[in-house]
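Some notes on the structure that comes next.
The values are calculated or read from the model by the stated rules, or taken from the named source; none is laboratory data. Since we're looking at a predicted model, the values are computed, not measured. For neighbour counting, all protein chains shown are included, and Cβ atoms are generated from backbone atoms with ideal geometry for every residue, glycine included.
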Amino acid sequence: MADGTFAALMLIAGLTDMGMNHCGNGAGCLAPGDTQPRVAFSAGSVIERRADSGAEIYLRYDLGTTLGPFGQAIGLSYGDESGSWIGYGWTWGTSFGNSPFYTELHAMPGLYAAGDDFDLGGPIEFRSGIEFGYEARNGWRYALGYDHRSNAGIYDDNPGIETVQFKVSVPLR
């Protein structure tokens, strides 16, 4: 999936959830709510497509507030072949019944600095992806994630890159 598929899936799932679970409460479809703030660290690899494969580390802070079904997150990544990226965006997740397994989608616009690394076409780059994970009884999460970064065609050159990573997320309260 080398495009905005994950962002579209997040929007569709989130809007469906919003319509079914958030709009009829009298507070509004995007009423603020509370959620578990988390800090997450992941490490992985850029998948060789147009860019050279290489390691990437990613730090993300999930804020303790939601807007309807959407969480908010701030992310920062650094790759040995994929430059640096910082962004803010939205998350949507769900668990599988009463099991400790979950999935989460995210879409985050941000700023990219290629440095001497791979040129993604311009400084504005969008990161979207999916993760599948397990939440332990102590609230720690362990997940496998896949995401895509590109400029959504706002620049003439839009090569995009994909990253596969292992993520550990720690609750902050």
*Give the number of residues within region 19-72 that are among the β-branched types (Val, Ile, Thr), touching a residue at least 60 places away in the same chain (Cβ under 8 Å) and surrounded by fewer than 18 Cβ atoms within 10 Å (Cβ to Cβ).*
2
*assigned to a strand (DSSP E or B), buried (at least 21 other Cβ atoms within 10 Å of the Cβ) and modelled with pLDDT under 95 - does that describe any residue in region 158-172?*
yes
*Taking the residues in region 1-14 that are aliphatic (A, V, I, L, M) and surrounded by fewer than 16 Cβ atoms within 10 Å (Cβ to Cβ) as candidates, determine which candidate is modelled with the lowest pLDDT.*
1
*Could you check residue 91 against (1) surrounded by 15 or more Cβ atoms within 10 Å (Cβ to Cβ); (2) more than 11 Å from the chain's Cα centre (by Cα) and say which number it fails?*
(2)
